[in-house]
Structures are given as C-alpha cells and as structure tokens.
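A short write-up of the structure that comes next.
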Amino acid sequence: MITIYHNPRCSKSRECNVFLETSGNDMQVINYMKTLFTFETLKNVIDLLKINPIELVRKNEQIWKDSFKGKDLSDDEIITAMVENPKLIQRPIVVNGNKAIIARPLEKMNEIL
C-alpha cells in the first residue's frame, strides 16, 4: 500500500495524487493539513526519507522566518515545529513500504514504485 501525505492546496501535491490514482496501485491519501502528523509518525517518515528533519522544512514559509529561522534547534524541536505548523512540511511525501520520497519533481516517483 502506497501512502501519500498530501496538501490539496499544493499543485505539485495534486499532480502526484493524480499520478498515483492512475497508476493502479493501492493507495491511501492523507491530507496532513486535516489529519495532522503526530511527532512519532513524522519522525518515522523522516527516517524513511533518510534525511535530517531540517531538510523537510519549507524554509520560505513566513512562520519559519518569523519563529524559527536563525535559532539553534534540535532535531526534536524541528519535528515539533512541523507537527504544530504542518504548512512547514515539504510536499508531497510518498511512502511505499520501507521507502519514502519527497515527490518533486514527479519523475522521482519512479524511485518508489
């Protein structure tokens, strides 16, 4: 089962969702703006992505600039910031088994299907 963590307001996220819908794979769509990540779930996704938490942050978002930029934050503090402000999370995130990607550009989907 493929899971897409999706923000329907994002064109890249919508594009990825349509791609997955037409791929014929079983999938679960999670609108992470409504069904919020827990700390544990987001930490697990970051582990699957094989990145540091800061690499998942949308650093151009105003909330990041106003509240977090320039601060010396631990990985747990960064994850907590994303859990509390899901707009900060890069998207879309696609998980397939023990692999995950940030599906931008869409061609990256070939790495996970």
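Here are some notes:
- Any chance residue 43 is part of a loop (DSSP other than H, G, I, E, B) and at pLDDT 95 or above: no
- Criterion violated by residue 51 - all others in (1) surrounded by fewer than 12 Cβ atoms within 10 Å (Cβ to Cβ); (2) free of Cβ contacts under 8 Å to residues at least 24 places away in the same chain; (3) within 17 Å of residue 5 (Cα to Cα) satisfied: (1)
- In this structure, residue 39 does satisfy being over 25 Å from residue 107 (Cβ atoms) and within 14 Å of the chain's Cα centre (by Cα).
- So residue 90, is it closer than 16 Å to residue 32 by Cα and among the polar types (S, T, N, Q): yes
- Residue satisfying all of: in the range 60-113; surrounded by fewer than 18 Cβ atoms within 10 Å (Cβ to Cβ), charged (D, E, K, R) and not in a helix (DSSP H, G or I); nearest to the chain's Cα centre (by Cα) among these: 104
- Hits in the range 1-31 (condition: touching a residue at least 60 places away in the same chain (Cβ under 8 Å) and in a strand (DSSP E or B)): 2, 3, 4, 5, 6
The values are calculated or read from the model by the stated rules, or taken from the named source; none is laboratory data. Just so it is clear, the structure is predicted and the values come from calculations on it, not from any experiment. Glycine also receives a Cβ, built like all others from the backbone with ideal geometry; neighbour counts cover every protein chain displayed.
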